[in-house]
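Report on the following structure.
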């Protein structure tokens, strides 16, 4: 991680504006905040980490973001912190991009010429819901999660106090995917009857509860921390959310995701161990990648495709390949 300091005009940090914008022709840059204005130029800090100067006459390319349509609180705080960091006014970390998104796309299409529609992508990553499968295949894991955590079935098991049966079916889902370290699954299989009941109910609340996601995820993390004897890994903490809500939630593989943040949302909160605020930042990264992929003509089926795109193009061996070109 690196902190950047640039020579930009001084501003009163308490007077930073709160209106967010999007560039009408470059939505892949993410949302933006006005950093300063002088003479015939304005500078906007964008979510992709870049401070861009816009000349007078082109200001109308920046469309105001309606806060009622987009959750902007975390984005606003991150962009304000980025402006302060760029001026040397805070200790906010700015993630350094390890490569451009275009380089990632080039590697992706080199490996899979038809993108997510490529037969090799289906063979390597998706598999089929029925029949023989590997742990890396997403379709069988999605089907297993749908069956194990069907809201009617799982609610009935809890009502009938058959928590152990529900817990075992959940752990079977986790054991069948490479999204979770097997050692963590084995540790959770050693829960006693009372712990198993708590696990089943907290997981049910995580994936089907009515509370805000932040509250449900926080309770889940606290429970896993107790049962695993320490704060769990990002992979263990996020797999069930991703498998039960693949269109809106994401499985986090921090090593690759932190690299991805450098070109998507470099000023987010990215803690080493799972925390609610950091999960929301990593989810923004995944959604930002999804937007860029769609803009490039590659539409992922869900955020598991996005997860696998990030891992495929930014794992260490992929970086070695990019750096050798």
With the Cα gyration tensor of region 154-200 giving a ≥ b ≥ c as the square roots of its eigenvalues, does the rule (a/c under 1.5 for rounded; else a/b larger than b/c for prolate; else oblate) give rounded, prolate or oblate?
oblate
Degrees, to the nearest 10: 276-295 long Cα axis against longest axis of the chain:
70
Relative to the longest principal axis of the chain, what angle (0 to 90°, nearest 10) does the C-alpha long axis of helix 254-264 take?
30
Using a basic spin-label model with each label point 7 Å from the Cα along Cα→Cβ, how many nm lie between residue 277 and residue 152?
4.3
With each pseudo-label sitting 7 Å past Cα toward Cβ, what's the residue 190-residue 124 distance in nm, one decimal?
3.7
Principal-axis tilt of helix 213-228 within the chain, Cα atoms, nearest 10 degrees:
50
Added length on full extension, which subtracts the Cα-Cα distance from 0.36 nm per residue, residue 317 to residue 248
22.0 nm
Could you tell me which label, among [x] 31, 23, 19; [y] 38, 23, 17; [z] 25, 21, 21, carries the value of semi-axes √(5λ) of the Cα gyration tensor in Å calculated for this structure?
[y]
Rounded to the nearest 500 deg cm²/dmol, what is the calculated helix-only ellipticity per residue at 222 nm for the chain, with -39500 (n - 2.57) per DSSP H run of length n ≥ 4?
-15500 deg cm²/dmol
In region 127-244, how does Rg compare with the Kirkwood Rh, expressed as the Rg/Rh ratio over alpha carbon atoms?
0.94
Ranked by GNM mean-square fluctuation in the chain (Cα springs under 10 Å), the top entry among 233, 40, 183 is 40
Using Cα-Cα distances under 8 Å and only pairs 6 or more residues apart, what relative contact order does the chain have, in percent?
17
Using 0.36 nm times the number of residues separating residue 40 and residue 218, minus their current alpha carbon distance, what extension gain do you get?
59.4 nm
If 243, 76 are placed from fewest to most neighbouring beta carbons inside 10 Å, the sequence is 76, 243
Quick one: which of 268-279, 169-180 comes out on top by average Cβ neighbours within 10 Å, and what's the full order, highest first?
169-180, 268-279
Can you give the relative contact order of region 214-325 as a percent, counting alpha carbon pairs under 8 Å and 6+ residues apart?
25
Cα gyration tensor of region 224-263 - equivalent ellipsoid semi-axes, whole Å, descending:
20, 16, 5
Ordering of 303-315, 109-121 by burial proxy (mean other Cβ atoms within 10 Å per residue, highest first):
303-315, 109-121
Using alpha-carbon coordinates alone, the radius of gyration and Dmax of region 13-86 in Å work out to 11.5, 33
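Every number in this text was worked out from the coordinates using simple rules, so none of it is lab data. This structure is a prediction, so every number in the text was calculated from the model and none was measured. With ideal geometry, Cβ positions are generated from the backbone for all residues, glycine too; neighbour counts draw on all protein chains shown.
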